[in-house]
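A.B. asks: A single structure is presented below for examination.
The values are calculated or read from the model by the stated rules, or taken from the named source; none is laboratory data. Fair warning: this is a prediction, and the values are worked out from it, not measured in the lab. Neighbour counts are summed over all protein chains in view; Cβ atoms, including those assigned to glycine, are modelled from backbone coordinates with ideal geometry.
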Amino acid sequence: MQQFTYTVNDPLGIHARPAGIIAKMAKPYADTTITITKGDKTVKASQLMKLMSLAVKNGDEVVVAAEGPAEAEAIAAMKKFFEENL
């Protein structure tokens, strides 16, 4: 399993647009589980509504993790997206 911790810098947090992109990005990694954790709540990145239910706001810290055959590629893609967009 690979993971990284990220503090969200977007003024709106993880709102509908980035959440949709995250879910879409996770779909090609069907054999790899990508999760996002805020506090004590963890959801799969591919599940848009559950991702939105985390209610991640500006300044919140999240842990993004990937486990499976493509975890290195998946975590690199997620980290790049988070750093460039959130």
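A.B. asks: Could you go through the stretch 8-23 and let me know if any residue there is assigned to a strand (DSSP E or B), modelled with pLDDT of 95 or more and within 13 Å of the chain's Cα centre (by Cα). So that I can check it myself, show each step before the final result.
C.D. replies: Quick first cut of the stretch 8-23, residues assigned to a strand (DSSP E or B) only: none.
No: zero hits.
A.B. asks: Here is a follow-up. Considering the stretch 64-79 alone, what residues qualify as being in contact with a helix residue (DSSP H, G or I) (Cβ under 9 Å, 6 or more places away or on another chain) and assigned to a helix (DSSP H, G or I)?
C.D. replies: A74, A77, M78
A.B. asks: Here is a follow-up. Under 7 Å by Cβ, and 6 or more places apart or on different chains, what pairs join a residue from the stretch 29-41 that is loosely packed, with under 11 Cβ neighbours inside 10 Å with one that is part of a loop (DSSP other than H, G, I, E, B)?
C.D. replies: Close Cβ pairs (under 7 Å, with a partner that is part of a loop (DSSP other than H, G, I, E, B)) amount to D31/G68; D31/P69; D31/A70.
A.B. asks: Further, regarding this structure: Just give me the residues in the stretch 28-59 being out of contact with any Ser or Thr (no Cβ under 7 Å at 6 or more places or on another chain), assigned to a loop (DSSP other than H, G, I, E, B) and closer than 16 Å to F4 by Cβ, in sequence order.
C.D. replies: If the condition is that a residue be out of contact with any Ser or Thr (no Cβ under 7 Å at 6 or more places or on another chain), assigned to a loop (DSSP other than H, G, I, E, B) and closer than 16 Å to F4 by Cβ, then Y29, T32, V56 are the ones that fit.
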